[in-house]
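The values are calculated or read from the model by the stated rules, or taken from the named source; none is laboratory data. Everything numeric in this text was worked out from a predicted model, so none of it was measured. FYI the Cβ positions are ideal-geometry reconstructions off the backbone, even for glycines, and counts take in every protein chain you see. Heads up: the accessible areas ignore ligands, DNA and RNA and are worked out on the full protein's heavy atoms, side chains in. Shrake-Rupley method; radii C 1.70, N 1.55, O 1.52, S 1.80 Å.
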Amino acid sequence: MANSTTSRGGLQTWFQRLIAACFLAGQVFLHLLRAKIHRRNTFDQMSIVGPESLTIALLTAAFVGMVFTIQVAREFIYYGAGTTVGGVLAIALTRELAPVLTAVVIAGRVGSAFAAEIGTMRVTEQIDALYMLKTDPIDYLVSPRVLACSLMMPVLTILSLITGMTGGMFMADALYDISPTVFLRSAQNFLQVWDLFSAVIKSVVFGALIAIIGCSWGLTTTGGAKGVGQSTTTAVVTALLSIFIANFFLSWLMFQGTGSTAIE
């Protein structure tokens, strides 16, 4: 009975914090419309989200591209469709793998850092000190992080796409004798401009979700060091869940109907 009550209370708290995150998103949007941007903090956060996360994002993309090629190429060659491996990898990376996996990496690395940092500031009353100094925490802490994630995620996604394609092309050439020329021509035939735009749109949405959830969970942290740890863990889990749900709806809106990809 006690465990059931605790679980129910935890779920209620989670929903309350999720609602608070929705309100925070609206506040950030209004502040950005009024051009209330702390530039120095924004550039600092862009450095954290972008260059400092680049290595792990590219390593993830490279190995995903290589594994995907290994899994797909042998089956396609068996059915006489080896020349389409590059196009299939390009479609998979552009529409799904690059934006989603990059967002997962950023959620684990950056989203958790946002929740822990702001949560520590909350329990040590540094947020209250900002109010005493007549500084709005949304302008000073939240908006720079949301803006940084929204701007840097598309860059990381495009670089991950290029890296994943390079890894897949290497494996296709080394293991299955599919030349880079055939591989790239297939990718060119399959990909459309809209596929690249869809990757950018998804990455902007995912970046905003990661930042808002991380910051919101940090701002609603209570209970000292234990609360900071719980907020960090819950923020990452919530961000990952939000990414997958948002990805479903975005894919449903963007790619309904019959595809127009031509196999040549």
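Odds and ends about this structure:
- With DNA, RNA and ligands ignored, accessible area of ASP128 (1.4 Å probe; Å², nearest 10): 70 Å²
- Inter-site label distance for PHE29 and ILE201 at 7 Å from Cα along Cβ, in nm: 1.6 nm
- Its relative contact order, with pairs defined as Cα atoms under 8 Å and 6+ residues apart, puts the chain at 32 percent.
- Only lysines eight or more places from LYS36 in sequence, or on another chain, were considered; those with a Cα closer than 24 Å are LYS134.
- Distance between segment 113-172 and segment 56-92 - C-alpha centres, whole angstrom: 31 Å
- Two-site FRET efficiency, TRP14 against GLN188, from Cβ-Cβ distance with R₀ of 35 Å, rounded to 0.05: 0.15
- With R₀ set to 35 Å, the beta-carbon distance separating LEU253 from ARG74 gives a calculated FRET efficiency near 0.55.
- Isotropically averaged projected area of the chain, using the convex hull of Cα atoms (one quarter of hull area), nm²: 17.2 nm²
- Computed label-point distance, nm, for sites GLU52 and LEU175 using a 7 Å Cα→Cβ extension: 3.5 nm
- Helix content alone sets the calculated 222 nm mean residue ellipticity of the chain: runs of n ≥ 4 DSSP H residues at -39500 (n - 2.57) each, divided across all residues, give -27000 deg cm²/dmol.
- List TRP14, TRP252, TRP217, TRP194, ordered by accessible area with a 1.4 Å probe, largest first: TRP252, TRP194, TRP14, TRP217
- Scattering profile of segment 1-121 at q = 0.15 Å⁻¹ [log10 I(q)/I(0), Debye over alpha-carbon scatterers]: -0.93
- Annotation for segment 57-159: GluC sites (Glu not before Pro) lying in DSSP loop with at most 16 further Cβ atoms inside 10 Å of their Cβ are GLU125.
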